[in-house]
1. Would you kindly state how much longer the chain becomes between A:ASP222 and A:ALA151 on full extension, computed as 0.36 nm times their sequence separation minus their alpha carbon distance, in nm to one decimal?
2. Within 10 Å of each residue's Cβ, count the other Cβ atoms and sort B:MET187, A:MET82, B:MET172 from fewest upward.
3. Could I have the simple spin-label model distance between B:GLN148 and A:LEU119, label points 7 Å from Cα toward Cβ, reported in nm to one decimal?
4. Collect residues whose amide H, placed 1.01 Å from N in the peptide plane, falls under 5 Å from the amide H of B:PHE46; neighbours closer than 5 in sequence don't count.
5. Over the whole of B:110-122, what's the average partner chain Cβ count within 10 Å per residue? Rounded to a whole number, please.
6. Give a residue-ordered list of calculated ³J(HN,Hα) values for region A:127-133 (Karplus: 6.51 cos²θ - 1.76 cosθ + 1.60, θ = phi - 60°; whole Hz; x for Gly, Pro).
7. How many nm separate the modelled label positions at B:GLN74 and B:ALA284, each set 7 Å beyond the Cα in the direction of the Cβ?
8. Using square roots of five times the C-alpha gyration tensor eigenvalues, list the equivalent-ellipsoid semi-axes of region A:1-112 in whole Å, biggest first.
Amino acid sequence: MNGRTLILNAYVYAVLVFILVPILIILPMAFSETEYLVFPPKGFTFDWFGRFFSDRLWMQALQFSFQIAVATAIASTVIGTMASYALVRGAGALGSLFQALLIGPIVVPHVALAVALYLFFERVGLSGTLAGYIIAHTVLALPFVVFTVSAALLSVDPALEDAAMSCGATRFQAFRLVTLPLILPNVVSAALFGFIISFDEPVVTFFLAGIRDKTLPRMMFDDIEQNLTPIIPAIAVLLTGISVLILIGAAALRKAAENRTMPRFDEMK
Amino acid sequence: MLAMGEVGGPHIKAGGAPVEIRGLSKQFGSVRAVDSVSINVAAGEFIALLGPSGSGKSTVLMSIAGFELPNSGQILIGGRDCTRLPPHKRNIGMVFQHYTLFPHLSVLDNVAFPLKMRGIAKDERRRRAARALEVVRLGGYGERMPKQLSGGQQQRVALARAIVYEPQLLLMDEPLSALDKNLREEMQLEIKRLHSELGITIIFVTHDQSEALTMADRVAILQSGRVAQISGARDLYERPTSLFAAGFIGEMNMIEASWNGTEVTFAKNFSMALPSSAVIDDVAAGPVMLTVRPERVEVMPEGTPGTASARVDDVVYAGAGTLVIASMACGGTIRARKGSADLSAIREGDRVGIRFPADAVLIYPRQA
């Protein structure tokens, strides 16, 4: 028993190391004084961060990515919350089919999805446009939003909305004034997920990218091919930092949500 | 009943609306949950819908509230046809089984919620909500969160929220079933007090018959989607109109017997004459079911003239009362409940004579 636990622990730590080592190798390289990528890094400087923020093209890419990510966060959260509501509260016979379609983008390889979107967007003229990116990223972010919001909705007693309606609220008011405040932490956390998923999404973006407007990941890819300077790990440090902060924020929000939703009656005894 | 409620100190005036349910039917798939139910509720009346689970009582209530759309039939509240009106336009107060307070709002904001939905200004809202809390004896609890209250207190808040906007009809869906016994009895009194103070019409769903009998002016018994009987507590207990109602309310001895139009015969040729009032719905001569409440059964020494002989199987002493279970010559079992003090020493295995007063016996057709 003890031996098995030991082996299992060792296995889990090995997997964690395997996942984390590449990140741990990349990050210090951002502070290297050399003009090229090198490990172990030589010297220590914040120069590459400075160069990133002072370069017009990098800043354009950052701004473009940011725009897409914010729009994706909003679109996927609004659509995903409505879809979750339908799935949790009203799902009829088509519920599971609908759910499968929503969750689909997690199962389908991103490359396949990217090719499909590329061919379709070429035809309808969405390729390389801001709207095209937002639609594509919203499709990718929806499953995460649906998971996060559905989990919260399941813990809210549907009778609360009935009670609100018996008090004179319309169905929408009942949702907005009772259910939404109760699931809000998860909704915000879902929006943060949507933001992250869009912000550093490389595959679909690669297929949709035009010549002029490039997202940050696409720009990084081009830079790796041409220059391979420590500006790349510098951006990686920034992106990792942002992602970690957002994930911590999302976790804190979900924790807050758990404390807030009413304990079910049978738990109260 | 119709008088406006006058409460000492804080008061909320309400008055009640009559409710008319006409031929209400609701189908779920192939199941007929409610089957042409018609009930007339007078203004200010307190009516209980009583039935086992699946009897359709909750569906009737949810149709009145507007959460279920009936397949056919009409619901009139205060003379207005509400059958297809959405819930928020019906102006009904409703108390649910599990409190259903909004957990993110304070007690006062919970109670003020219906007023907010009606566009009443904030100051007025707070004043009226505070007054409603006083009516349910929770004055001063407004700033607390629902989680900080006990179950009974939460249900009082739900009650305050349901009456704060002075609706003329209050629906209650097994509101006390989540409370423990003592609290339940306290809340029963509380609701009765509110009813008489406010004069509001109350429709109350329960599966607890003693709750229905003690609280309501009239009780409607539902059985598989139909109204089996609707009458006052005393009639319901003393003159159930069907075998189902007889078995459903209270404890009832049921003995297979035969009826010749004037005399009923059971327990191997033991006969007794019955007044015509004992016959529910012209019972044809032939096999019938004889019913008698256990507290009306008389236990005498064996051989007493006019008694059927029986053997005592069990004597269950329960303080004030004692239950005697005996089997009769025909094989049927009979239960008698007597005051412990009135019962001479009877022990298991004794032979006794059983007698029913003629006015305690009702007979029903055998089937059903």
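1. Extra length available between A:ASP222 and A:ALA151 comes to 21.6 nm.
2. Sorted ascending by nearby Cβ count, the order is A:MET82, B:MET187, B:MET172.
3. Once both label points are built, they end up 6.3 nm from each other.
4. Excluding prolines and chain starts, which carry no amide H, the hits are B:ILE202, B:ASP217, B:ARG218.
5. Across the residues of B:110-122, the mean count of other-chain Cβ atoms within 10 Å is 3.
6. Working through the residues one at a time gives 4, x, 9, 4, 4, x, 4 Hz.
7. 3.8 nm
8. Ellipsoid half-lengths, sorted descending, are 40, 30, 11 Å.
Read-outs throughout are calculated quantities, based only on the coordinates presented, and are distinct from any laboratory measurement. These figures come from a predicted structure and were not determined experimentally. In this analysis, Cβ positions are derived from the backbone assuming ideal geometry, glycine residues included, and neighbour counts consider all displayed protein chains.
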